[in-house]
Each structure stands twice: as C-alpha cells, then as structure tokens.
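Worksheet: one structure, shown below.
The values are calculated or read from the model by the stated rules, or taken from the named source; none is laboratory data. Here the structure is a predicted model, which is why all the values come from computation and not from measurement. Counting neighbours? That spans all protein chains shown, and the Cβs are built from the backbone with ideal geometry, glycine included.
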Amino acid sequence: MDVTSVTAEAGSGYRALHENAGILDLSGRGKIRATGEDRARLLHAMTTNQVQALKPGEGCYVFFLNAQGRILGDANLFCFEDSFLLDTEPETRTKLYEHLDRYIIADDVSLEDLTESLATIAIEGPGARQILESLRAPLPEAPYSTTIWNGRVIARVDSTGSGGFFVFVPVAEKPALCDGLLAAGAVPVAADEARIVRIEHGRPRYGDEISERYLLQETGQMHAVSFSKGCYLGQEIVERVRSRAQIHRVLKRLEIDSTEPPQPGTKLKVDDKDAAEISSAAFSPAVGKVIALAYVRVQYAEPGTQMTVPGIGAARLTP
C-alpha cells in the first residue's frame, strides 16, 4: 500500500499510525492469567499453536477451537517464569475464560481475570520504537516476545498492522504512562482511525472478520497454527481440511472504486456470479478509495481479480 498520499484532512491519529507513533487505549481487551504446574500442558491441548516449547519471554498467536474446528476466539499468548498471560478481544474475554475453566478437571491450573486491574496501552506506527526508547524502555525484538520495564510488561505485538508494542501496566499507573508517551511525541488514536489502518494492512479482528462461522484456514492466519504439535481440541478438523484442501473461501483484501463503504455482508460479483462477501470496509485517505476485507471464493482469489459491488463500483483484489 502506498501511504505517500496521506492528506492533511486525515485525522491526526491516522497520520501518526502511518508516519510517527500513536497511542491506543486497549484496556478493554481481556487479560487472563494462568498459573499452576499444568498450565503449559493445558494451554497446549486447548490452542492451535506450540505452547509447551515456549520459554519465559517468548509468546505466540493462537486460536481456540471447538470440537467442530470452528474458531471460538484468538489470543496473544505470553510465557513468563510462573505463568502465562492471554491477551484477547473484549468480546471473547468471558467466553475463553469459561471455555478454559470447563476443561480444568484434575489439572493443577488456576485462572485469574486481570482485565479490570491491568491496563493495555498500545504504541503503534513507524516511530513507536523511538518513542519507547526515549523513555529508556527495554524493547523486545522477536514477534510476541516480552520484556519487563519497571514492573510493566512490554510485548512485541500490535493491533493495526502498523508495527509497535503493547504495554501492560497496573491501572493506577496508566495515566502516568500515557502522559509520558504524549510528552515523548506520541499522538492519541481514535478507534475509528485505528480501524481504517487495520483494514488497510489487511489485519483481521475476531468479532469482525473472524468468528465461529469460519475455519482456521479460511482466515489465512496460518501463523496461529502448528502442524507438528500433539493433539489439541479441533485438530482433527484442521488436519482434515489441510490434507484434503477443502476450503471454499479465504479472507482477502481488496480496493473498491468508491468513497462509500459497503455494509458487511454485501456480495461481490464476477460475471453475475457471487464471488465474495464483505466483512469490513472503510474509506482510506491514503489510497483515496474504499478498502475492504472480504471472504472470497477460492476460484476468484488471485490478486488482481476484478469484481463488482452492485450499486457501488468496481473492485480489485490486492496482494
């Protein structure tokens, strides 16, 4: 995506995510702490990615599936010396807690919901590293890795695809952290600005583009799954889909020649045949047209494929 055309009319938070660094208050995201001797074994058996191989300071992105292989939720999972921390969407906070708790039978595992006591502040954009370094924060280098900064946890993850970091901080310390970031030059980002940038970067979000309606492979988020790990809930379906290549749609990014975003659920056509369905769409100041994420039938999923949005305009799949 060419971002050189970001205009002065775009919001300051939007411009910061493209050009500098923006602050996002993501404290509503669920934070679930797992402790106990069996915590790694349980999470390994309940998620799609390698957990038991993680060392303190490492992490990964995971899906939680049901027995039918449908996606119950996603999470950034971080490993510490005595615990794991699950960072998930606000909508899946309670669902994942109850899902995990249901499978704790004779296991030595305790769950604690830290959402109300632990704030999440994201610093994202090309200048995020410089902002945190100016505050002498030790930064994690590998994706999903963590460092400790005066009792705060810094994680190498972001929510918009712009790159950056999450800082997990006790709620009482959140104002001081935000004041420090603002003084260092970061810019507050509104939720609607963050959403536009997320779609521009093709970053799906559970609750918008990902839900129980979809199979793991349909989302295209293959960094969430390990095909070499042992058994986990939903693995049989994931492996069957992989071995038989049985998906009929896949999530893709596209551009629409319009300034008016179509509604979720809008169908796209190729030669009067249904070819795709919009999940999310927004006008992009950088591109000068609507960008969208849509589930596309596999026969139409090649980059450059031309489609039409009835009553709106032409559309094209992007790489």
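Would you tally the residues in region 160-178 being surrounded by 18 or more Cβ atoms within 10 Å (Cβ to Cβ) and either under 14 Å from Gly57 (Cβ atoms) or in contact with a strand residue (DSSP E or B) (Cβ under 6 Å, 6 or more places away or on another chain) (or both)?
Adding up the residues that qualify gives 9.
Considering only residues of region 61-91 that are crowded, with 23+ Cβ neighbours inside 10 Å and small (Gly, Ala, Ser), which is farthest from Glu218 (Cα to Cα)?
Among them, the one singled out is Ala75.
Output the qualifying pairs, or none if there are none: Cβ atoms under 6 angstrom, residues six or more apart or on different chains, first residue in region 232-249 and outside the structural domain of Leu42 (by TED's automatic domain parsing), second residue part of a loop (DSSP other than H, G, I, E, B) and of a type outside the set (A, V, I, L, M).
Filtered contacts from region 232-249: Gly234/Gly69; Ile237/Gly69; Val238/Gly69.
How many residues does region 73-94 hold that are of a type in the set (A, V, I, L, M) and in contact with a helix residue (DSSP H, G or I) (Cβ under 6 Å, 6 or more places away or on another chain)?
Adding up the residues that qualify gives 0.
Quick one: which of Gly185, Gly202 is closer than 14 Å to Ala16 by Cβ and either over 20 Å from the mean Cα position of the chain (by Cα) or not in a strand (DSSP E or B) (or both)?
Gly185
If we keep just the residues of region 133-156 that are of a type in the set (A, V, I, L, M, F, W, C), out of contact with any strand residue (DSSP E or B) (no Cβ under 6 Å at 6 or more places or on another chain) and outside any strand (DSSP E or B), which is farthest from Cys79 (Cα to Cα)? It would help to see each step written out before you state the result.
Start the filter on region 133-156 by keeping residues that are of a type in the set (A, V, I, L, M, F, W, C), which leaves 135, 137, 139, 142, 148-149, 153-155.
Subset that is out of contact with any strand residue (DSSP E or B) (no Cβ under 6 Å at 6 or more places or on another chain): 135, 139, 142, 148-149.
Subsequent filtering for residues that are outside any strand (DSSP E or B) retains 135, 139, 142.
Details: Leu135: 25, Leu139: 16, Ala142: 13 Å.
Restricting to residues being of a type in the set (A, V, I, L, M, F, W, C), out of contact with any strand residue (DSSP E or B) (no Cβ under 6 Å at 6 or more places or on another chain) and outside any strand (DSSP E or B), the top hit is Leu135.
Glu193 passes all but one of (1) assigned to a helix (DSSP H, G or I); (2) out of contact with any Phe, Trp or Tyr (no Cβ under 6 Å at 6 or more places or on another chain); (3) buried (at least 22 other Cβ atoms within 10 Å of the Cβ); which number fails?
All conditions pass for Glu193, except number (2).
Starting from region 9-22, take each residue that is on the phi < 0 side of the Ramachandran plot and list its partners that are of a type in the set (S, T, N, Q), counting only C-beta distances under 7 angstrom and pairs at least six apart or across chains.
Cβ pairs passing all conditions: Leu17/Thr160; Leu17/Ser162.
Scan region 253-267 and give yes if some residue there is under 29 Å from Asn49 (Cα atoms), more than 23 Å from the chain's Cα centre (by Cα), of a type in the set (D, E, K, R) and not assigned by TED's automatic domain parsing to the domain that holds Arg41, otherwise no.
So far as region 253-267 goes, no, none of its residues is under 29 Å from Asn49 (Cα atoms), more than 23 Å from the chain's Cα centre (by Cα), of a type in the set (D, E, K, R) and not assigned by TED's automatic domain parsing to the domain that holds Arg41.
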